[in-house]
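Here the structure is laid out as structure tokens; the discussion comes afterwards.
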Amino acid sequence: MNLLTFRTEEDLNRAGAGLIASLLQIKPKAALGLATGSTPIGIYEELVKLHRSGSVSFAKASSYNLDEYVGLSGSHPASYRCFMNTHLFDLVDIDPANTHVPNGLAVDLEQECDYYDAMLEDAGIDLQLLGLGHNGHIGFNEPDDSLIAGTHAAMLQRQTIEANARFFDSEQDVPKQAITMGVAGIMKARQIMLVVRGASKAKIAQQALTGPITTQCPASLLQLHPNLVVLMDEAAGAWAK
């Protein structure tokens, strides 16, 4: 595990974008595991800058997102497909056919999950970008007595729904289910980059990265990954000094 703490958000964003850009420069056909939410936005903004300066190309790359809300179409403004189009895909030279987000409108959710797992297996994720939930979730793998290994339709816990309500008109509009990559799928990535921001995440970050490995804190399983890089701002990483 490589823990890195940054003095400014700009430094963190540049470091995160630099890791992804370096991978694409070495391996143009890299398979990227991507995340949504407020955590990666600054990193995506830096990647767009690097692309526009000619420093990095996504033309041969492919991407596989962690999750998508059940019941939302890709055109819904709160969908993760729409998020990715807005913050990255429409701003760089990636082939839209090579961008993959679970289908939240799938009639057969189990079949969609199996299909997504097969794609992940064939692609072999080179770098998986992750944020960290306040309850220790990664993707929508919520704390529980046990975790599902593969991609699955997960029920969102109350704390997660409350945290995501800011992206909707009201808390009642937040879907109660999401298709999410399972922990086993996440752990198969050759490298994982976990990004943690803010004082409100400091306690759970310390628990996840130094505490017992338990399914009650899904992110704690990342301690077992052989190539984990953690990027934290000073507020989130104060405990690590």
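The values are calculated or read from the model by the stated rules, or taken from the named source; none is laboratory data. Everything numeric here is computed off the predicted structure, so don't read it as measured data. Here the Cβ positions follow ideal geometry from the backbone for every residue, glycine too, while neighbour counts run over all protein chains shown. Heads up: the accessible areas ignore ligands, DNA and RNA and are worked out on the full protein's heavy atoms, side chains in. Shrake-Rupley method; radii C 1.70, N 1.55, O 1.52, S 1.80 Å.
Across Asn141, Asn98, Asn13, mean-square fluctuation computed from a Gaussian network of the chain (C-alpha pairs under 10 Å connected) peaks at Asn98.
At 222 nm, what value in deg cm²/dmol follows for the chain if DSSP H runs of at least 4 each add -39500 (n - 2.57) and the sum is divided by all its residues, to the nearest 500?
Numbers: 7 runs with 74 residues, N = 241.
Here the helix-only value at 222 nm equals -9000 deg cm²/dmol.
For the options Pro96, Pro143, Pro40, a Gaussian network treatment of the chain with springs between C-alpha atoms closer than 10 Å singles out Pro96 as fluctuating the most. Protection proxy ranking for 123-129, 73-79, using the average of other Cβ atoms within 10 Å per residue and placing the highest first: 123-129, 73-79. Average accessible surface for segment 2-195: 44 Å² per residue, computed with a 1.4 Å probe over protein heavy atoms with every protein chain in place. In straight-distance terms, cross-link reach from Lys49 covers every one of the aspartates and glutamates whose alpha-carbon lies under 15 Å from its own, apart from those fewer than eight places away in the same chain; here that gives Glu10, Asp11, Asp90, Asp93. Using the Cβ of Cys82 as centre and a radius below 14 Å, the other residues enclosed give a net charge of -2, where K and R count +1 and D and E count -1.
Taking amide hydrogens as placed 1.01 Å from N in the peptide plane, the amide H of Gly33 sits under 5 Å from those of Tyr64, Asp126, Leu127, Gln128, Leu129, each at least 5 positions away in sequence or on another chain. In the elastic network of the chain, a GNM with C-alpha springs shorter than 10 Å, the most mobile of Gly42, Gly54, Gly133 is Gly54. Note on Lys241: lysines with a C-alpha under 25 Å away, same-chain residues under 8 apart excluded, are Lys201, Lys203.
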